[in-house]
1. Relative to the present Cα-Cα distance, how much length would full extension add between S200 and T332 at 0.36 nm per residue of separation?
2. Using a ≥ b ≥ c from the Cα gyration tensor of the range 503-558 (square roots of the eigenvalues), is it rounded, prolate or oblate, where a/c under 1.5 gives rounded and otherwise the larger of a/b and b/c decides, a/b for prolate?
3. Provide the gained length on full extension for the span K278 to S53, in nm with one decimal, where the gain is 0.36 nm per separating residue minus the Cα-Cα distance.
4. Report ³J(HN,Hα) in whole Hz for each residue of the range 131-146, in order, from the Karplus equation J = 6.51 cos²θ - 1.76 cosθ + 1.60 where θ = phi - 60°; Gly and Pro get x.
5. Per residue of the range 189-198, what does 6.51 cos²θ - 1.76 cosθ + 1.60 with θ = phi - 60° give for ³J(HN,Hα)? Whole Hz please, x for Gly and Pro, Karplus curve as stated.
6. In whole Å, how far is the Cα centre of the range 275-338 from that of the range 446-508?
7. Carbon and sulfur together cover what percent of the accessible area of the range 294-352 at a 1.4 Å probe radius?
8. In nanometres, what is the gap between the two model label sites at E225 and M132, each 7 Å from Cα along Cα-to-Cβ?
Amino acid sequence: MDDNKFKLPASISRRRFVQGLAVGGVIASFPHVVRAGSSFKDNAATGSAPELSGKVIELTIAESLVNFTGVVRTATTINGSIPAPTLRLREGDEVTIKVTNTLSVPSSIHWHGIILPYQMDGVPGLSFKGIMPGETFVYKFKLQQSGTYWYHSHSGFQEMTGMYGALIIEPREQDIIVADREYVVQLSDWTDDDPMKVFSKLKVQGDIYNYNQPTVRDFFRDLSEKGLSSALSKRKMWQEMRMSPTDLGDVSSAVLTYLFNGSTPLANWRGLFKKGEKVRLRFINGASNTFFDVRIPELQMTVVQSDGQNVHPVTVDEFRFGPGETYDVLVTPQSDAYTIFAQTIERTGYARGTLAVADNINAPVPAVDPVEWLAMADMMGNMSHGGSMTEGAMDHSQHGAAMPMDLSQHAGPAAAYAKASTQVRHASTEYGPSVDMRVDTPRTNLDDPGIGLRNNGRKVLTLSDLHSLEGVIEPQRPEAEIELHLTGNMERYSWSIDGLEFGQSTPVHMKLHQCVRVILHNDTMMTHPMHLHGMWSDLESESGEVQVRRHTIPVQPAQRISFLTTPHDVGRWAWHCHLLFHMDAGMFREVVVS
Ligand SMILES: [Cu+2]
């Protein structure tokens, strides 16, 4: 059966594009929470966020009213804007950031991708107790890096309701990336529903927001193209697995509106340029639950930075990025107007903005691409290693507790450390109700752009294209190896690591200054952007060469990747999937460095 060939045509009638209003955004801040003397502004507009710079920054967390879709809702804001103010700081500076919480519940701010002492990392329960109502917490740390980063709340669903902003750190010396002008492009997602309600609905029915379920019409198309037995067995296979071949993202435009610098697609954020100028775009995926596929039709993008780290320039038509990741690109626009188009991975909607030479010019907005069904490679990985559905390469049994071997020991022998181990070791804890799929023949290639981007005729960035410009600092070889499996059960909307949700797990231990190799093996059908706090994740190629320094690494379905990390500070760190609902459902581990 060749599922690679199946493409689902866009069934527009079943889609609802929540495009938002032409005018929307933050309406007002609740007056009773506005504190005298704060840098708080009422009626802050969305669009490009206000900018704050210097060595002392004051931020106030409050509730503000917003209207993105025609209904007034309450958002959680920082200094009254969505996105939160862009902080423009300087490498080498010691900064003091005073954060006042005027909410009636605890809050926090985490500095995403920043190397700092763990007490400043902003994760309640690990770094500190959180910022209590009415309290001001003073963050103080030295900036030891430069580039494009961001910050967000690490409390409840506050990030999803508006608490995210760009953090730009200018290099101490002259920036080697030269541009005539630059824009921060922060993409996010917004829901008018209470995020807790959305999460609860997913817990009851994991595919509730999947509008791309196969239809009767799809079946008849398969029938005419493939014949009866093939069409039937394809159906049967998916039904037996109790999964959908279109589970590309579990939250969609059924409940989300996609924002571009806080602007809905209809509001159409705009950035101006002069022809021939070199424009730097600092893309930040500040969404809670959305992967975006970004392109600028008719304009090539040269990727010069990923996760704040300069990379060897690579010119592409398109890139995919998940929550937590950042990419800086250079473009040299020659026409009058361009659409910056960011369609969502499950193809139900998009965020967009316009680059133009004048305020009144627009470029066409492309249609979203058709949904592509997950292929065998997304469930089973590398087919050339043998194995098939019927031979149990993918064990989808709901009661797989009895296994011949208990391979709970993940650490391999010392001799294996030159290159990442390829021998799959499922932990005994993976044979439980939290896991509905295990991949025994993972793929280790990094040159796959991922489902939906494989054959679209465009040059799409892949992880294999990325090489840190300065090389990877600390080129140590690992002294230990940790293998962890990203696991889930779609029916229960359970997400976990090694089959253990956060509440049942014990911390991962690392030694200060000891280089360790981490192998992440994805036993699910979704891509997870895995974010390790407080230290770098130096991604390795298949052949064991260290390629690129990241803070958030997307791991595709049935993929096995490895990275090296050397903790530079003791403490308690968070390590989690940056899809907020996955993190909350349990794909989260504590890392203790001692
Ligand atoms: Cu995830």
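The values are calculated or read from the model by the stated rules, or taken from the named source; none is laboratory data. Computed from a prediction, not measured in an experiment: that's the story for all the values here. A quick note on method: Cβ atoms are made from the backbone with ideal geometry, for glycine too, and the neighbour counts reach across all protein chains shown. Side chains are part of the model used for accessible areas, which takes the heavy atoms of the whole protein and leaves out ligands, DNA and RNA. Shrake-Rupley method; radii C 1.70, N 1.55, O 1.52, S 1.80 Å.
1. Extra length available between S200 and T332 comes to 43.0 nm.
2. Taking the square roots of the gyration eigenvalues as a ≥ b ≥ c, the range 503-558 is oblate.
3. Stretched fully, the K278-S53 segment lengthens by 78.6 nm.
4. Calculated HN-Hα couplings, in order: 9, 6, x, x, 8, 10, 9, 9, 8, 9, 7, 8, 7, 9, 8, 9 Hz.
5. Running phi through 6.51 cos²θ - 1.76 cosθ + 1.60 with θ = phi - 60° gives 10, 10, 10, 6, 7, 5, x, 5, 5, 4 Hz.
6. After rounding, the separation between the Cα centres reads 21 Å.
7. 40
8. Reported label-point gap for E225 and M132 is 6.1 nm.
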